[in-house]
């Protein structure tokens, strides 16, 4: 029973909004036609400059967002300075105006690469309540740069976090140590990952990152060569242990197979230590990275005839 008046009121509100929009467009048209003669003197006084010449620019910014500015000019001052002048006309106090101006600033600066001045001309009654300055914490003045290539590869490799270990492939290290570093990254990932699925995911990420250094071929070879997910059930000695276990007990056979798996992993770790020593990495660092006793690393160096450094 009361719906019709409500609908009429809603229609009246829509009509008022539409009327306001049309009036706003009319004001824009008038001010754009007369801005050069009416407002430029006011702007010169507000900015403390004298305009020698100006060139109208397209006021619509074509980006992922489309923004239409009221007044957009390229200006040369009498002192020879060049700048962009952006003017907005407001008949009402707009709480979003400051942030719209900031958005315009970023888009215009990217296109023109010269200083930009923003002017809002308020045409309403009374004192506008618009914020005119961004808080210091919101002002864009630049960005902090982290150059991964400058990070210490040893610190990255010593991490217990897989994502940090991965970054080692992008860090700085001598070219002659490339293969050793790659092998050690794979080795570290094996140590810090909790299960084969996690390890597989990070190895895939490693291969993708390797493309940034044009190392994908070598990385793929190292991943393929190193038995990342060692399949105990296909190991010949394990199978021999199972067969012997049929005579002495299945549990004993499995134990033999697992022993062979452990020996295989230890042999692989010793080979990694040997290559790291050949690359000039210190014995204490090799021991720390691979989780081996220092004495064992020293023995590996002596057995292989490699000169080594025991100090950090």
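For residue 107, all conditions in the list (1) surrounded by 14 or more Cβ atoms within 10 Å (Cβ to Cβ); (2) over 19 Å from residue 43 (Cα atoms); (3) modelled with pLDDT of 90 or more hold save one; what is the number of the exception? That leaves (3) as the condition not met.
Across the range 108-131, the number of residues qualifying as touching a strand residue (DSSP E or B) at 6+ places or on another chain (Cβ under 8 Å), under 15 Å from residue 97 (Cβ atoms) and without any contact (Cβ under 8 Å) to a residue 60 or more places away in the chain comes to 6. You will find that of 217, 165, the residue that is surrounded by fewer than 20 Cβ atoms within 10 Å (Cβ to Cβ) and either modelled with pLDDT of 85 or more or assigned to a loop (DSSP other than H, G, I, E, B) (or both) is 217 and no other. Evaluate the following for residue 286: is it in contact with a helix residue (DSSP H, G or I) (Cβ under 7 Å, 6 or more places away or on another chain), surrounded by 17 or more Cβ atoms within 10 Å (Cβ to Cβ), modelled with pLDDT under 85 and assigned to a helix (DSSP H, G or I)? It is true that residue 286 is in contact with a helix residue (DSSP H, G or I) (Cβ under 7 Å, 6 or more places away or on another chain), surrounded by 17 or more Cβ atoms within 10 Å (Cβ to Cβ), modelled with pLDDT under 85 and assigned to a helix (DSSP H, G or I). Residues that are exposed (fewer than 15 other Cβ atoms within 10 Å of the Cβ) and touching a helix residue (DSSP H, G or I) at 6+ places or on another chain (Cβ under 6 Å) were ranked within the range 111-162; the one that is farthest from residue 84 (Cα to Cα) is 160.
Scanning the range 76-98 for any residue that is under 26 Å from the mean Cα position of the chain (by Cα), at pLDDT 90 or above and more than 19 Å from residue 45 (Cα to Cα) turns up nothing.
Determine which member of the set 224, 176 is outside the structural domain of residue 110 (by TED's automatic domain parsing), loosely packed, with under 15 Cβ neighbours inside 10 Å, in contact (Cβ under 8 Å) with a residue 40 or more places away in the chain and closer than 19 Å to residue 275 by Cα. Outline the logic, then answer.
Numbers: 224 fails: in contact (Cβ under 8 Å) with a residue 40 or more places away in the chain.
Of the residues listed, the single one that is outside the structural domain of residue 110 (by TED's automatic domain parsing), loosely packed, with under 15 Cβ neighbours inside 10 Å, in contact (Cβ under 8 Å) with a residue 40 or more places away in the chain and closer than 19 Å to residue 275 by Cα is 176.
The values are calculated or read from the model by the stated rules, or taken from the named source; none is laboratory data. Keep in mind the model is a prediction, meaning the values are calculated, not measured. FYI the Cβ positions are ideal-geometry reconstructions off the backbone, even for glycines, and counts take in every protein chain you see.
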